[in-house]
Amino acid sequence: MCVCRELKLPAPAAETFAKAILNSIVGHRLDRRLDVGEPCAFVDEVTNHPLGRAVRVLKDGPGTNYRIRDKEVIQVNRTMGGVRYTHTILENEHNVDMKHLTVAYVADLWDAKTGALVRTDTNHQTWIRVGKFDLPEVVTRIRATPDHGLEVGTLKLSNLKLGVGLPKP
């Protein structure tokens, strides 16, 4: 999903980084709750895992399973497009509406066939309330890859204002 339609930055690498970060944040903040009637099952009998109880959505194509602790999704495991990935939430905060805002998380990606680690992204986000919306203020991503070492990027947004509607594509 591409939600960032127009963004112009002087450096192409910075523009690519910023678009990826913004698309990810918007895509993950959209309200896509499962239907309460969606069939799920516990993955195993472990009830005291530090990341929470493992739950699988039974009719999910990518075989998604979650770890849920204290009514919060703490981990997502999924295989799609030849990649197996795990997103682990390290810290959430709650906004004034008591919705979860992710502050820190790690995304690990492996090659689904070989099991080789492709990359690990460690992310930290701060949020600012603008009107009735929580918007990212500072996003830092540290990416570790087997062949390129560490890449660090920070996106800082300022003077955030809400507009009316979105321009037509």
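Computed values, structure above
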| read-out | value |
| --- | --- |
| Values of log10 I(q)/I(0), in the order q = 0.08 Å⁻¹, for the chain under a Debye, Cα-only, solvent-free model | -0.29 |
| Within the chain, longest stretch clear of exposed GluC sites (Glu not before Pro) (DSSP loop, no more than 16 other Cβ within 10 Å) | 46-169 |
| Solvent-accessible area per residue, Å², over the stretch 16-136 with all protein chains present [probe radius 1.4 Å] | 62 |
| Heavy atoms of S24: accessible area, 1.4 Å probe, square angstrom to 10 | 40 |
| In Å², nearest 10: area of D147 left accessible to a 1.4 Å probe | 110 |
| Full-extension gain in nm, R56 to F42, via 0.36 nm per residue minus C-alpha separation | 4.4 nm |
| Where a label projected 7 Å from the Cα of T88 along Cα→Cβ would reach, residues of the stretch 47-72 with amide N under 12 Å | 50-52 |
| Heavy-atom accessible area order for R53, R84, largest first, 1.4 Å probe | R84, R53 |
| Net lengthening on full extension, K161/F133 (0.36 nm per residue, minus Cα-Cα) | 9.0 nm |
| Simple label model, 7 Å out from Cα along Cβ direction - H124 to A144, nm | 1.6 |
| FRET efficiency, 1/(1 + (r/R0)^6) with R0 45 Å, evaluated for A11 and H49 via beta carbons | 0.55 |
| Fraction of accessible area attributable to carbon and sulfur, the chain (%, probe 1.4 Å) | 57 |
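The values are calculated or read from the model by the stated rules, or taken from the named source; none is laboratory data. The shown structure was predicted, so the numbers you read here are calculated from the model rather than taken from an experiment. Here Cβ is always computed from backbone atoms with ideal geometry, including for glycine, and neighbour counts include all displayed protein chains. Areas reflect the complete protein model, heavy atoms only, side chains present, ligands, DNA and RNA absent. Shrake-Rupley method; radii C 1.70, N 1.55, O 1.52, S 1.80 Å.
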